[in-house]
Amino acid sequence: MERLFATEKLGGRSLYRFQAVTVFAGICLVLCYRATHVPKAGAGRAAWLGMLAAELWFGFYWVITQSVRWCPIRRRTFKDRLAARYGERLPCVDIFVCTADPQSEPPSLVMATVLSLMAYNYPPGKLNVYLSDDGGSILTFYALWETSAFAKHWLPFCKRYNIEPRSPAAYFAESDNPRNSRSLEEWSIVKGLYEEMTERIDSTVRSASVPEEIRANHKGFSEWNAGITSKDHQPIVQVLMDGKDRDEVDNEGDALPTLVYVAREKRPQYHHNFKAGAMNALIRVSSAISNSPIILNVDCDMYSNNSDAIRDALCFFLDEEMGHKIAFVQHPQNYTNIAKNNMYGNSFNVLNLVELRGFDGVGGPLYIGTGCFHRREILCGRRFTNDYKEVWDRGMKEKRELSIYQTEEKAKSLTTCTYEHNTQWGNEIGVKYGFPVEDVITGLAIHCRGWKSVCNNPPRAAFMGVGPTTLAQTILQHKRWSEEAPPLFPEVMSPWIMPFIYVAIAKNVYSAYEALFYGETLRGWWNGQRMWMVRRTTSYLYGTIDTVTKLLGLSEMGFAVSTKVSDEDESKRYEQGVMEFGASPEYVIIATVALLNLACLVGGLCKILTSGEASSGFFLQVVLCGLPVIINVPVYEAMFIRKDGGSMPFSVTLVSIGFVMLTLSVPLF
Ligand SMILES: O=c1ccn([C@@H]2O[C@H](COP(=O)(O)OP(=O)(O)O[C@H]3O[C@H](CO)[C@@H](O)[C@H](O)[C@H]3O)[C@@H](O)[C@H]2O)c(=O)[nH]1
Ligand SMILES: [Mn+2]
């Protein structure tokens, strides 16, 4: 039987492999140099030990990171074969969207995501969209209620003109007129309706309350009585559209997807486990309402950009030869709002195009929390066995046994605070608890149970999201995701200098080449290097400290939701590619590191000039300080030149100068 997908090796890897192997050889030589050049006690032994540790660590890092990049693969799907074999006899799909806070995640943005997912090119009766609202907010519920009405215009419009993308926000932002001139009149009507709806949602969110006359329109509003707060409320489950209801049709008389609002119970005395907790509540709520064998989950800012993505994913799951081994199909995270030249290093081209595919070549990519199709059974903890048969017609029943009201009540009982007590939820079942990167750990656990995963990256990206637009947001995100002395180097004329120079140059030149090859700019690569430095000294440091204090039981895990909007000045600077600083400890670290490098460079140059030591091992040290100084130019600008609202606050500059003087005054070894 013809396969539903093809796997191809990514070509052109010989250059890469040459680079990886020779750099590795270089690292070995560097270590040889260390081993044969041990300074006498007192004469820099401590610094020598520090360098040795750093080089050993780098060697280890090199072997680990290169092994997953060794043989990346690319997948291609054959949707025509899927159509020929199955027609519209396709499985039901449940789609989960998570939102947490109407202030940092504006409901109108979330609704554009919801609409894009409802509009998939897929039998609507088989689609079920669930919105989890961890903010438990009537504003979000109101926005979803508006959306259920607008969907009746939007869905037939999308299908008639076969438009892409199907997020109305992204679609109308793309151009001022429709690509298909036949649709002009309808295009204007739908656009008008969309803008009016967005305006109503935004102004309701601004006023922070829903007027009485609107509340009268749907029974769901009555859930919000006076006492409700986002941290203290009963479970709420409201089916806003029922795909199984024959009378529920769009403006053309076609069936509609099911649309459900979910706010799991929250009480201050119970831990809610953030997004992982929301996902597990959704798994159970959906099992009572639609129980589809396939689950797609996206973050609220990740809209569907390719209406065929479900059919694409099914080409993997339904493939006769491999499908039964595949637990999940992960799509890369693409962002629409990447600043010029990737200022904050948030463009993941290389990650998406090399690393996810590299993982795919060795058993499957990680689960990265969004843009991922799972099989329900496997997400719920099933181990791999060769004889497992998926029940593809799950959730297909024409009629429910319970009424909608009874179904909602049952679903509510599955999302109470105590439901999971003394169960395996969050451990063996569902998404794992206790890690800020719940997604990665959950994916690894699935691999440990014997399953494989695949990475799919169709030519038209399946999902598009909003990346962080300020430095603070980026540091925060990466924090969550992670939880000089006497001549140290060989002299310029010594042959020992070769491996040092080779490792440094080959690694960086190759990484720049790779970035260019995958569509970044040189500036973008350069900015990415700066962000690596910033992240290593802030996010990962904080993450490590957090993890250690948590292990010692001194603090608890948190999940700070990243903001999806920024103020006008901030956005302007973001668009112009000007970095945004502020007054908190991470900026002190950034400024101190930058100043220290500058001080070392100046010190080193002075020493060379005054004592003519240019031929000594100092040369490499100066280069090593010089590079970070060049990379840090935007930081010096923010400290000493810029005067705008995003420049480095004077207090931060002052404190970091203090730190630098303190460091330099301590005699090292
Ligand atoms: O208590 C919470 C906290 C967050 N979220 C949702 O989780 C998603 C991700 O949160 P966000 O603040 O956007 O974090 P990011 O760093 O952008 O998320 C990335 O990293 C997370 C792990 O740290 C993954 O879960 C995400 O899928 C991945 O996109 C959003 O839709 C939130 O609404 C909840 O539902 N409940
Ligand atoms: Mn996000």
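The values are calculated or read from the model by the stated rules, or taken from the named source; none is laboratory data. This structure is a prediction, so every number in the text was calculated from the model and none was measured. Virtual Cβ from ideal backbone geometry, glycine too; neighbours counted across all protein chains shown.
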Worksheet item: All but one of (1) farther than 20 Å from Leu356 by Cβ; (2) under 30 Å from the mean Cα position of the chain (by Cα); (3) not hydrophobic (A, V, I, L, M, F, W, C) hold for Tyr33; which doesn't?
Response: (2)
Worksheet item: Pick from the range 244-266 the residues that are crowded, with 17+ Cβ neighbours inside 10 Å and β-branched (Val, Ile, Thr): which of them is farthest from Ala411 (Cα to Cα)?
Response: Thr258
Worksheet item: So is Asp250 modelled with pLDDT under 95 and among the acidic types (Asp, Glu) or not?
Response: yes
Practice prompt. Would you check which residues across the range 644-666 are part of a loop (DSSP other than H, G, I, E, B) and small (Gly, Ala, Ser) and list them?
Written response: Gly645, Gly646, Ser647
Worksheet entry | Sole exception among (1) exposed (fewer than 14 other Cβ atoms within 10 Å of the Cβ); (2) part of a loop (DSSP other than H, G, I, E, B) for Arg3, by number | (1)
Worksheet item: What residue, among those in the range 553-570 that are more than 16 Å from ligand 2 (Cβ to nearest atom) and more than 17 Å from Ala638 (Cα to Cα), is surrounded by the most Cβ atoms within 10 Å (Cβ to Cβ)?
Response: Met557
Discussion item. Against the condition of a type in the set (Val, Ile, Thr) and in contact with a His (Cβ under 9 Å, 6 or more places away or on another chain), how does Thr563 come out, does it pass?
Written reply: no
Discussion item. Any residue that is assigned to a loop (DSSP other than H, G, I, E, B) and within 16 Å of ligand 1 (Cβ to nearest atom) - is there at least one of those in the range 85-100?
Written reply: yes
Discussion item. Closer than 21 Å to Pro124 by Cβ and modelled with pLDDT of 95 or more: which single residue out of Gln238, Gln234 fits that description?
Written reply: Gln238
Worksheet item: Can you tell me which of Ser286, Ser304, Ser230, Ser292 is away from ligand 1 (no atom under 16 Å from the Cβ) and either of a type in the set (Ser, Thr, Tyr) or in contact with a Cys (Cβ under 8 Å, 6 or more places away or on another chain) (or both)?
Response: Ser292
Practice prompt. Inspect the range 422-441 for any residue being touching a Ser or Thr at 6+ places or on another chain (Cβ under 8 Å) and of a type in the set (S, T, N, Q) and give the result as yes or no.
Written response: no
Worksheet item: Among Leu356, Leu402, Leu414, which is farther than 19 Å from Ser286 by Cα and either aliphatic (A, V, I, L, M) or crowded, with 16+ Cβ neighbours inside 10 Å (or both)?
Response: Leu356
Worksheet item: Looking at the range 82-112, which of its residues are surrounded by 17 or more Cβ atoms within 10 Å (Cβ to Cβ) and in contact with a Lys or Arg (Cβ under 8 Å, 6 or more places away or on another chain)?
Response: Leu82, Leu90, Pro91, Cys92, Val93, Asp94, Cys98, Ala100, Glu105, Pro106, Leu109
Worksheet entry | Close pairs from the range 575-587: first of a type in the set (Val, Ile, Thr), partner surrounded by 15 or more Cβ atoms within 10 Å (Cβ to Cβ), Cβ under 7 Å, at least 6 apart | Val578/Gly646
Fill in: Number of the condition not met by Arg76 [criteria: (1) crowded, with 17+ Cβ neighbours inside 10 Å; (2) in a strand (DSSP E or B)]
(1)
Worksheet, complete the sentence: Within the range 257-280, residues aliphatic (A, V, I, L, M), touching a Gly at 6+ places or on another chain (Cβ under 9 Å) and away from ligand 2 (no atom under 16 Å from the Cβ) come out as Leu259, Ala263
Fill in: Criterion: within 14 Å of ligand 1 (Cβ to nearest atom) and not in a strand (DSSP E or B) - qualifying residue of Gly125, Gly136
Gly136
